[in-house]
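Here it is: the structure, laid out below.
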Amino acid sequence: MDRIAESLKRKRIVFWEEVARDGAQAKTIMSADQRIDIARMHGNMFNENGPDHLVFAVGFVSIAKEEAEIIRKVADNVDNCYLAVNCRSSEKEIDDSYEAIKKAKYGRVAYVLPASERLCRLMLHKSQTEVSKKGIEIAKYALDKCQGIPVDIQLAGAFDADPLFIADMASALSEQGIATVGMGDTRGRVYPKEIARFIDTLLQKADENILFSVHLHDDMGFALVNNLAAIRRGIMMPSTSWLGIAERNGLLRTELLTVHLGYETEKTGNKLDIDGEGLFLSPPRLKMLKKIAEKVCEYTGISLKTTDPIVGLGVNSISTGTPFVDHVSFQPFDPEVVLGIPQTIFVTQLASRRVIKEVSKRMGYNLTEDQITEILPVVKAKAYETGRSVYPENELKELFDKIIK
């Protein structure tokens, strides 16, 4: 049984995770052990339901023999989510993909086929009609070769094509036994109203049993809203990536969508017009998000920023005094309760007496009001003198010790 297909039929959310595969186009590379670690952690976030909610795209088989070896190693060592190997629409790459993934407990083969007229000419030097026929031939070959392993197709440039053409193509592929039909916004240019119209037209024509997915880039900043539009229309498998790491400006952030759909699911209908009650078989472990994101940073060399949502350095951080009085008024939720991220206080040029008092207490000092009065202008002046906002803890310790003496 294809547990991913079952989830999609029941309108559960499925994440097609691209941090290792499309993430390579963000000039990153992960070893086999690193991909194994991230895939396992991500699967564990869904408790025992990893194979119902996660497809981890391990890599693209034709990149290099080393990539194929990594895919094989991951296939041998991850058993708590689906693993997908990606390839182009050729019999040889289907063969190579099958050989790389065949030992996986939950494996999939996903081949890419151009869908827009422009990409059909560019990638295969054929017309859309000719490519559609080729796609059917490859589907038949792949389904025979893969011996029961689910086969998915990803239509590049789908949103630059006529949605009625995509509907016909998807119907023909689904009739052959293709598990899911992915649609890519390859150029990253589709706007929210455009994607809504496209999907509405597509679904009016396509067979209701076809399981669609979407792969939507964030070049124009619309990845979140466009994916929500797709989910709202019953397309339940978005391509996401940790920290949004992917080609060009990336994909929808995995951690962001997980919180939007996994936090207060009873309110998702009112907030997003999406029925949240049946999205997950069990509540996702949101407190794992930060830990996984930090691992991704460690493995890719990409640093978290203050402005990164959900897992960034600014989450649950304070540098002014007012939030001490009522932190609920300055945050969407309590990050420590929901995400397991404890409060961090930064001493900057914005520091107040309350900030200095709280930071010093956490560092083991019991400063008097007069000492705080003496410290505060020193802290502020240092920021302007150095052009560095945050006063480092080791320098604060030196300052506190000096004042106390």
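Only the coordinates and a few stated rules stand behind these numbers; no lab work does. Keep in mind that what you see is a predicted model, and the values were worked out from it rather than measured. Here the Cβ positions follow ideal geometry from the backbone for every residue, glycine too, while neighbour counts run over all protein chains shown.
Where Lys and Arg each count +1 and Asp and Glu each count -1, what net charge lies around HIS327 among other residues with Cβ under 11 Å from its Cβ?
Within the 11 Å Cβ shell, the charges total -3.
What number results when the radius of gyration of the chain, computed over Cα atoms, is divided by 2.2 N^0.38 Å?
That works out to 1.14 for the chain.
Could you list, in their original order, any pairs among LYS105/LYS287; LYS102/LYS145; LYS103/LYS290 whose Cα atoms are separated by more than 20 Å?
Result: LYS105/LYS287; LYS103/LYS290 exceed 20 Å.
A further question on this structure: Rounded, prolate or oblate, given the Cα gyration tensor of the stretch 223-329, with a/c below 1.5 counting as rounded?
Here the stretch 223-329 falls in the oblate category.
Whole-Hz ³J(HN,Hα) for each residue in the stretch 390-405, computed from phi via Karplus 6.51 cos²θ - 1.76 cosθ + 1.60 with θ = phi - 60°, x for glycine and proline: what do you get?
Each residue's phi maps through the Karplus curve to give 7, 8, x, 4, 5, 6, 4, 4, 4, 5, 4, 4, 5, 5, 5, 5 Hz.
Please give the peptides 202-209, 23-30 ranked by average Cβ packing (other Cβ atoms within 10 Å per residue), highest first, as a rough proxy for protection.
Those peptides, ordered most packed to least, come out 23-30, 202-209.
I've got another one for you. Net charge within 12 Å of PRO114 by Cβ-Cβ distance, Lys/Arg positive one each and Asp/Glu negative one each, not counting PRO114 itself?
+2
Here's something else I'd like to know. How long are the semi-axes of the equivalent ellipsoid of the stretch 316-405, defined as square roots of 5 times the Cα gyration tensor eigenvalues? Whole Å, largest first.
24, 14, 12
Here's a follow-up. Any of LYS305/LYS357; LYS271/LYS295; LYS305/LYS361; LYS134/LYS193; LYS380/LYS402 with alpha carbons more than 20 Å apart? Name them for me.
Flagged as over cut-off: LYS305/LYS357; LYS271/LYS295; LYS305/LYS361; LYS134/LYS193.
Please arrange CYS81, CYS120, CYS297 by counting, for each residue, the other beta carbons lying within 10 Å of its beta carbon, fewest first.
CYS297, CYS120, CYS81
Determine, for ARG388, ARG108, the number of other Cβ atoms within 10 Å of each Cβ, and report the residues in order from fewest to most.
Going from least to most buried by this count: ARG388, ARG108.
Over the chain, what is the mean sequence separation of C-alpha contacts under 8 Å (at least six apart), divided by residue count, expressed as relative contact order in percent?
Relative contact order, the chain: 13 percent.
As I understand it, the value is the acute angle between the Cα axis of helix 32-45 and the longest principal axis of the Cα atoms of the chain; what does it come to in degrees, rounded to 10?
That works out to roughly 80 degrees.
While we're here: Hey, fewest Cβ within 10 Å first, where do LEU256, LEU272, LEU251 land in order?
Sorted ascending by nearby Cβ count, the order is LEU272, LEU256, LEU251.
Now a separate question. Net charge within 12 Å of HIS217 by Cβ-Cβ distance, Lys/Arg positive one each and Asp/Glu negative one each, not counting HIS217 itself?
-3
Express in whole angstrom the spacing between the alpha-carbon centres of the stretch 236-292 and the stretch 40-118.
The stretch 236-292 and the stretch 40-118 have Cα centres spaced 21 Å from each other.
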